[in-house]
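S.K.: The following block contains the structure, expressed as structure tokens.
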Number of protein chains: 2
Amino acid sequence: MADYRVPREDMQFVLQDVFKVHEDWAKIEAFADVDIDTAVAIIDEGAKLAEGLIAPNARAADEEGVSFDNGVVTTPQGYKENFKQLAEGGWVGVTANPDFGGMGLPKSVSAQYEEMLCAADISFSLYSGLTAGAIMTIDQHGSDELKATYLENMISGNWAGSMCLTEPHAGTDLGIIRTKAIPNEDGSFAISGTKIFITGGEHDLTDNIIHLVLAKLPDAPAGSKGISLFLVPKFLVNADGSIGERNGVHCGSTEHKMGIHASATCVMNFDGAKGWLVGEPHKGLPAMFTMMNYERLGVGIQGLGAAARSYQNALEYAQDRIQGRGAKATQQPEKEADPIIVHGDVRRMLLTMKAFVEGGRAFSTYVGQQLDLAKYAADAETRQRAEALVQLLTPVAKAFLTDTGFEATVLGQQVFGGHGFIREWGQEQLVRDCRIAQIYEGTNGIQALDLLGRKVAGSRGELLKPLLADIQALLAEPLAGFEAEYQQLADATQLVHEVTVQVLSKVVDDENIINSVAVEYLNLIGYVAFGYVWLRMAAAAAPQVAEKPHLASKLKTAKFYMARILPRIESLATTIKDGSQSLYLHDLGDF
Amino acid sequence: MADYRVPREDMQFVLQDVFKVHEDWAKIEAFADVDIDTAVAIIDEGAKLAEGLIAPNARAADEEGVSFDNGVVTTPQGYKENFKQLAEGGWVGVTANPDFGGMGLPKSVSAQYEEMLCAADISFSLYSGLTAGAIMTIDQHGSDELKATYLENMISGNWAGSMCLTEPHAGTDLGIIRTKAIPNEDGSFAISGTKIFITGGEHDLTDNIIHLVLAKLPDAPAGSKGISLFLVPKFLVNADGSIGERNGVHCGSTEHKMGIHASATCVMNFDGAKGWLVGEPHKGLPAMFTMMNYERLGVGIQGLGAAARSYQNALEYAQDRIQGRGAKATQQPEKEADPIIVHGDVRRMLLTMKAFVEGGRAFSTYVGQQLDLAKYAADAETRQRAEALVQLLTPVAKAFLTDTGFEATVLGQQVFGGHGFIREWGQEQLVRDCRIAQIYEGTNGIQALDLLGRKVAGSRGELLKPLLADIQALLAEPLAGFEAEYQQLADATQLVHEVTVQVLSKVVDDENIINSVAVEYLNLIGYVAFGYVWLRMAAAAAPQVAEKPHLASKLKTAKFYMARILPRIESLATTIKDGSQSLYLHDLGDF
């Protein structure tokens, strides 16, 4: 696989020129010490780790995978050393609370770091990623004692974290979990049950693993309102903070998977394991989802990272590989063929990837910016507006970044022809590793249901307004040379409005409508949102092109996106208008 | 993985009721002994093999893969025994020349057999599939002596075949191959060079392997007009037909791939290996492509087979797995949740798969029918019309069946949620195995270029006419209850016409236009062709629904296809109209 190079310039362009995040930071107390130079320095430091240590190990780690022997999970060669480097650099706590040693950086910056980590090796990224999620959950919902006992060692990367939700019979439907929590006399709980698909449930990277576990108390109401959240350490922690005796939680096996071979996906057995309640009884699901909503952007970025890596590789290959002649004119008469990048269809594939990667980077930065404003902005109005955007865009970020990421990695494999299917080239690994991001942390179908059902229909369309207002604000200042594209985005926005009104008008009479068109609706919003960030990038690039000629590429890719990708919304809108009808003609016996 | 069940009824429905292939057979001398009962018997016999022997071994074979040791390739456990069964049943020569022991069956029937073999195990199917291709090439282009020496043992499955085209620097662009053929004094040739990606280049299933090799004679003109075809056996054959000494061709290594792990993908080194010319000097490429065009439908059917298997598994899972409640009403109040097939989005995924699988089965049968008519019809006019349809539809069959097949297997994985990513369930293997069919035997991008460039533009649109005429013939007899869908197909046909005229009008001024819109154009044709076969199926099913209630499903899926899938052509048409412009804004430095 080719060397990975972090797209430093584009990351800075997106942060500084497109979304001007530093202007937000200047108004936020928590970010008093952060400016664009800090962000650039963070990107540079992260790049050393991603380019120098993690990416070069990813291919071998995929081949080796994790191994399981009698409850012990061993990660591939190099993982332990690299995790130590990552931890010592403070990267586990890149957005974590500084009171416990976290860097407390903005999510918009963290998003860049997460992209490079995922581009380098998704499997490796998950160990620190899940730990960061557990840290946030404990920080937001745990008691002071739990925070004091666990956070510092987790943020330093001495201890890792895991999130234990799924059970064999309960994935999407967490309301029917069976794991039990029985109160002990000392205020702790005895946790018993089996969890599956637990990423990083067991491994050899850290001295302890802190599990966050959904379970039901004896008096729990039925369904999703009877779920509580517990902290269950692999090793109990002594009063002096040192590691004590082994707790009753063990890994029963690891899964053999299509991809992310180097990530330990564990069956975890809890046999009266000692645990402590996190947050209120029966309010475990909302506590878990506070974190999951914040982290879902991170899952989306897995798709983006894989796509970014695949694009770099495919571009290099398309420039080097010679095959056939350009249709218009021979490019390299001295060689026996031209580089394949001269061919229209190869350009179509590369530009589709480029549009998804750079569009995805801008979109994830936009969502990261809103997450920062929602959490830190001084005035309530800004926080509320940002929170509305976060609500709307979180499922889009998770699903659309992974769907477009998957499409991009498949294209990146196709550019390589037969070599794309061969493992040593690395392109097929990116397809396999990226694929899971469309499935876990709430399938992309569930994200779509969340977007159209809970968010759009649940607010009677109100939650759409800040996004549409942001688009209107852009459209209010036309960009010379992009008149047609601005009109196209205006039309697309109008289409979103029409389609939304249509769907909402059917909700009362047709209970099936939401889940019958939700995926197409999410894609519609995704393509329009990417159209918005592409034109924002064009608007940010245009005034600088004279001094920074490389930014001309932004204008060209924006034109490509509007001409070749955005038109996908036409078919989506037609399909959505069909409603649920054609999905419910079939009786069960008709399938 | 669930047991595989061959869709016998649907195969018969397609052959007998939709395309009435037996009416063709009655007029073809070579098929004097073939009727629908024969076809049904063949399907039943093939099903025993596919369901009973091959499918149950596929999962283990993927895990074991082929092994390579010092030139020797060992196939997974069970492959040798199963290949022997397949050979003894006469299945290697299902369409082969009866003069040498072939069954000589119609391709429309063979297509059903190929589907079940691919559904059972694509890797396994390739050993006999490539042999069948080599048989056909020798039969059509070889001398009487070559035929007498090789065909009987190949058709019986005693010996296998391989096709050696690709070289490290020459894949799509075969004009630049370097393998040399130097004439020997005895009329044979000494072949030297390296071939890569050779499916079944070496294995332990048969006593001999007959390679068909593209190479250049000393006096060869440059480029693709200087390529000759040679037969190079692994073991030379003695005058009495017995196996003689080892020839100078050896396997240097096997590739480690994303999928089809049990198919040996070989680097083949030819060191002065003894070979014999097949056909005319310098006319190797057309000879090879006679066969490849016939076999490309077979590659398309790999996508169909994988999709069919994935659909069966996904349907079973969606009926068994309970999770959440139906939006309209609880379906199973006695259980803690409803089966996921009640959810609109799960239905969307299943019906999309069903529409692609049954539509693909009908489409491949339609193409198979045309291949039979082109080869065997008594009157020249019928042969020529069928040949035109074959020319047009072959690249569509290869690319569209594998693209929709891949989409279907990805959906079939998604239906399983997290379990879809776990190897033991088998859904992810179908994704990995299917993926290569979009790449090899001419990438799908190359198929699109063939369709729009060579076929449509090359004939100034003439080759489209028989397809459009077939569609018009269907539309001339409206089906009650499908008035809107018939109008929709008429509009779609009109759209094809408009788009084609537009593209052709640009060809003179824009050399890049063809390869810039070819993939979208192929998809446009594919969706319209599937619309055609879906309405043909509806028309065939409607009069029989009273006596065969299960055919009601055809009418419902046809409605689904028209409502939810065919609208994809709107976006494709818009994109095609953009032409090459947005693909050629970028200079090389802009990527």
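The values are calculated or read from the model by the stated rules, or taken from the named source; none is laboratory data. Because the structure is predicted, anything quoted here is derived from the model rather than measured. Note that each Cβ is placed from the backbone with ideal geometry, even for glycine, and that neighbours are counted across all protein chains shown.
S.K.: Just to check your reading of the model, which residue among A:Gly412, A:Gly418 is crowded, with 19+ Cβ neighbours inside 10 Å, assigned to a helix (DSSP H, G or I) and in contact with a strand residue (DSSP E or B) (Cβ under 6 Å, 6 or more places away or on another chain)? Steps first, answer last, please.
M.R.: Working: A:Gly412 fails: in contact with a strand residue (DSSP E or B) (Cβ under 6 Å, 6 or more places away or on another chain).
Within the list A:Gly412, A:Gly418, the selection yields A:Gly418.
S.K.: In the range A:582-591, what count of residues is obtained for those that are surrounded by 21 or more Cβ atoms within 10 Å (Cβ to Cβ) and more than 8 Å from every other protein chain (Cβ to nearest Cβ)?
M.R.: Summing the residues that are surrounded by 21 or more Cβ atoms within 10 Å (Cβ to Cβ) and more than 8 Å from every other protein chain (Cβ to nearest Cβ) in the range A:582-591 gives 0.
S.K.: Enumerate the pairs (first residue in the range A:155-182 and under 12 Å from B:Gly324 (Cα atoms) and within 14 Å of chain B (Cβ to nearest Cβ); second residue anywhere and surrounded by fewer than 19 Cβ atoms within 10 Å (Cβ to Cβ) and small (Gly, Ala, Ser)) with beta-carbon separation below 7 Å, excluding pairs fewer than 6 apart on the same chain, so at least 6 apart or on different chains.
M.R.: A:Leu174/A:Ser224; A:Gly175/A:Gly223; A:Gly175/A:Ser224
S.K.: Please verify whether the range A:415-435 includes one or more residues that are within 19 Å of A:Gly360 (Cβ to Cβ) and more than 11 Å from chain B (Cβ to nearest Cβ).
M.R.: So far as the range A:415-435 goes, yes, one or more of its residues are within 19 Å of A:Gly360 (Cβ to Cβ) and more than 11 Å from chain B (Cβ to nearest Cβ).
S.K.: Here is a further query. State which residue is farthest from the chain's Cα centre (by Cα) when the search covers only the range A:437-467 and only residues that are of a type in the set (Lys, Arg) and assigned to a helix (DSSP H, G or I). Can you show your working first?
M.R.: Here is the first cut: in the range A:437-467, the residues of a type in the set (Lys, Arg) are A:454-455, A:460, A:465.
Retained after the next criterion (residues that are assigned to a helix (DSSP H, G or I)): A:454-455, A:465.
On the way: A:Arg454: 20, A:Lys455: 19, A:Lys465: 24 Å.
Out of the qualifying residues, it is A:Lys465.
S.K.: Residue by residue through the range A:294-330, note down the ones that are in a helix (DSSP H, G or I) and touching a Pro at 6+ places or on another chain (Cβ under 9 Å).
M.R.: A:Arg296, A:Ala308, A:Gln312, A:Ala318, A:Gln319, A:Asp320
S.K.: Considering only helices (runs of 4 or more DSSP H) fully contained in the range A:476-591, which possess at least 3 residues that are closer than 18 Å to A:Leu392 by Cβ and in contact (Cβ under 8 Å) with a residue 40 or more places away in the chain?
M.R.: Fully inside the range A:476-591 and qualifying: A:483-506, A:513-541, A:568-578.
S.K.: Next question. Please go through the range A:170-207 and pick out each residue that is over 25 Å from A:Ile243 (Cα atoms) and at pLDDT 95 or above.
M.R.: Correct list: A:Ile177, A:Arg178, A:Thr179, A:Lys180, A:Ile196, A:Phe197.
S.K.: Taking A:Thr290 as meeting all but one of (1) within 14 Å of chain B (Cβ to nearest Cβ); (2) surrounded by fewer than 17 Cβ atoms within 10 Å (Cβ to Cβ); (3) touching a helix residue (DSSP H, G or I) at 6+ places or on another chain (Cβ under 7 Å), write down the number of the exception.
M.R.: It fails just one condition, (1).
S.K.: While we're here: Would you be able to say whether some residue in the range A:235-246 is closer than 29 Å to A:Thr404 by Cα and either modelled with pLDDT of 95 or more or basic (Lys, Arg) (or both)?
M.R.: no
S.K.: If you check B:Ser263 against the conditions, is it within 13 Å of chain A (Cβ to nearest Cβ), small (Gly, Ala, Ser) and touching a residue at least 60 places away in the same chain (Cβ under 8 Å)?
M.R.: Against the criterion (within 13 Å of chain A (Cβ to nearest Cβ), small (Gly, Ala, Ser) and touching a residue at least 60 places away in the same chain (Cβ under 8 Å)), B:Ser263 qualifies.
S.K.: Taking B:Ala388 as meeting all but one of (1) under 18 Å from the mean Cα position of the chain (by Cα); (2) assigned to a helix (DSSP H, G or I); (3) more than 8 Å from every other protein chain (Cβ to nearest Cβ), write down the number of the exception.
M.R.: Result: B:Ala388 fails condition (1) only.
S.K.: Quick one: which of A:Gly78, A:Gly90, A:Gly52, A:Gly71 is touching a helix residue (DSSP H, G or I) at 6+ places or on another chain (Cβ under 6 Å) and surrounded by fewer than 24 Cβ atoms within 10 Å (Cβ to Cβ)?
M.R.: Values: A:Gly90 fails: touching a helix residue (DSSP H, G or I) at 6+ places or on another chain (Cβ under 6 Å); A:Gly52 fails: touching a helix residue (DSSP H, G or I) at 6+ places or on another chain (Cβ under 6 Å); A:Gly71 fails: touching a helix residue (DSSP H, G or I) at 6+ places or on another chain (Cβ under 6 Å).
Matching residue, one of A:Gly78, A:Gly90, A:Gly52, A:Gly71: A:Gly78.
S.K.: Ok, one more. Tell me which residues, restricted to the range B:569-578, are closer than 22 Å to A:Leu350 by Cα and either within 7 Å of another protein chain (Cβ to nearest Cβ) or at pLDDT 95 or above (or both).
M.R.: If the condition is that a residue be closer than 22 Å to A:Leu350 by Cα and either within 7 Å of another protein chain (Cβ to nearest Cβ) or at pLDDT 95 or above (or both), then B:Ser571, B:Leu572, B:Ala573, B:Thr574, B:Thr575, B:Ile576, B:Asp578 are the ones that fit.
S.K.: Where residues in the range B:437-456 are in contact with a helix residue (DSSP H, G or I) (Cβ under 6 Å, 6 or more places away or on another chain) and charged (D, E, K, R), which of them is farthest from the other protein chains (Cβ to nearest Cβ)?
M.R.: Checking each candidate, the answer is B:Lys455.
S.K.: Only one residue in A:Leu214, A:Leu174 is aliphatic (A, V, I, L, M), more than 23 Å from A:Ser123 (Cβ to Cβ), out of contact with any His (no Cβ under 8 Å at 6 or more places or on another chain) and surrounded by fewer than 24 Cβ atoms within 10 Å (Cβ to Cβ), so which one is that?
M.R.: Exactly one residue qualifies, and that residue is A:Leu174.
S.K.: Can you find a residue that is within 14 Å of chain B (Cβ to nearest Cβ), among the hydrophobic types (A, V, I, L, M, F, W, C) and part of a loop (DSSP other than H, G, I, E, B) anywhere in the range A:331-345?
M.R.: Yes, the range A:331-345 contains at least one residue that is within 14 Å of chain B (Cβ to nearest Cβ), among the hydrophobic types (A, V, I, L, M, F, W, C) and part of a loop (DSSP other than H, G, I, E, B).
S.K.: Does B:Val357 qualify as being within 17 Å of B:Glu295 (Cβ to Cβ) and in a helix (DSSP H, G or I)?
M.R.: Details: within 17 Å of B:Glu295 (Cβ to Cβ): no; in a helix (DSSP H, G or I): yes.
Criteria not met by B:Val357.
Residue by residue, here is whether (1) within 12 Å of another protein chain (Cβ to nearest Cβ); (2) at pLDDT 95 or above holds:
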{"residue": "A:Pro478", "(1), (2)": "no, no"}
{"residue": "A:His497", "(1), (2)": "no, yes"}
{"residue": "A:Asn523", "(1), (2)": "yes, yes"}
{"residue": "A:Tyr527", "(1), (2)": "yes, yes"}
{"residue": "A:Val533", "(1), (2)": "no, yes"}
{"residue": "A:Ala558", "(1), (2)": "yes, yes"}
{"residue": "A:Tyr561", "(1), (2)": "yes, yes"}
{"residue": "A:Ser580", "(1), (2)": "yes, yes"}
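S.K.: Output the number of residues of the range B:183-197 satisfying the condition of being over 20 Å from B:Gly279 (Cβ atoms) and either among the polar types (S, T, N, Q) or within 14 Å of chain A (Cβ to nearest Cβ) (or both).
M.R.: In the first step, residues of the range B:183-197 are kept if they are over 20 Å from B:Gly279 (Cβ atoms); the result is B:185, B:192, B:194, B:196-197.
With the extra rule that they be either among the polar types (S, T, N, Q) or within 14 Å of chain A (Cβ to nearest Cβ) (or both), the set shrinks to B:192, B:194, B:196-197.
Summing the residues that are over 20 Å from B:Gly279 (Cβ atoms) and either among the polar types (S, T, N, Q) or within 14 Å of chain A (Cβ to nearest Cβ) (or both) in the range B:183-197 gives 4.
S.K.: For the range B:177-196, which positions are of a type in the set (A, V, I, L, M) and closer than 18 Å to A:His419 by Cα?
M.R.: The initial filter retains those residues of the range B:177-196 that are of a type in the set (A, V, I, L, M), namely B:177, B:181-182, B:190-191, B:196.
Hits for the range B:177-196 are B:Ile177, B:Ile196.
S.K.: Regarding B:Leu130, is this residue assigned to a helix (DSSP H, G or I), closer than 22 Å to B:Pro106 by Cα, within 14 Å of chain A (Cβ to nearest Cβ) and at pLDDT 95 or above?
M.R.: no
S.K.: With more than 14 Å from every other protein chain (Cβ to nearest Cβ), surrounded by fewer than 24 Cβ atoms within 10 Å (Cβ to Cβ) and not in a strand (DSSP E or B) as the only criterion, which of A:Glu115, A:Glu145 stands out?
M.R.: It is A:Glu145.
S.K.: Restricting the search to the range B:39-49, which residues are crowded, with 17+ Cβ neighbours inside 10 Å and not aliphatic (A, V, I, L, M)?
M.R.: Selection gives B:Gly46 alone.
For (1) free of Cβ contacts under 8 Å to residues at least 60 places away in the same chain; (2) of a type in the set (Phe, Trp, Tyr), each residue gets a yes or a no:
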| position | (1), (2) |
| --- | --- |
| B:Ala50 | no, no |
| B:Asp69 | yes, no |
| B:Thr74 | no, no |
| B:Phe83 | no, yes |
| B:Ala111 | no, no |
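S.K.: Hey, which of the strands (runs of 3 or more DSSP E) in the range A:174-228, taking only ones fully inside, have at least 1 residues that are among the polar types (S, T, N, Q)?
M.R.: A:189-199, A:208-215
S.K.: Continuing with the same structure: Looking at the range B:285-320, which of its residues are within 14 Å of B:Glu358 (Cα to Cα) and among the aromatic types (Phe, Trp, Tyr)?
M.R.: The one that is within 14 Å of B:Glu358 (Cα to Cα) and among the aromatic types (Phe, Trp, Tyr): B:Tyr311.
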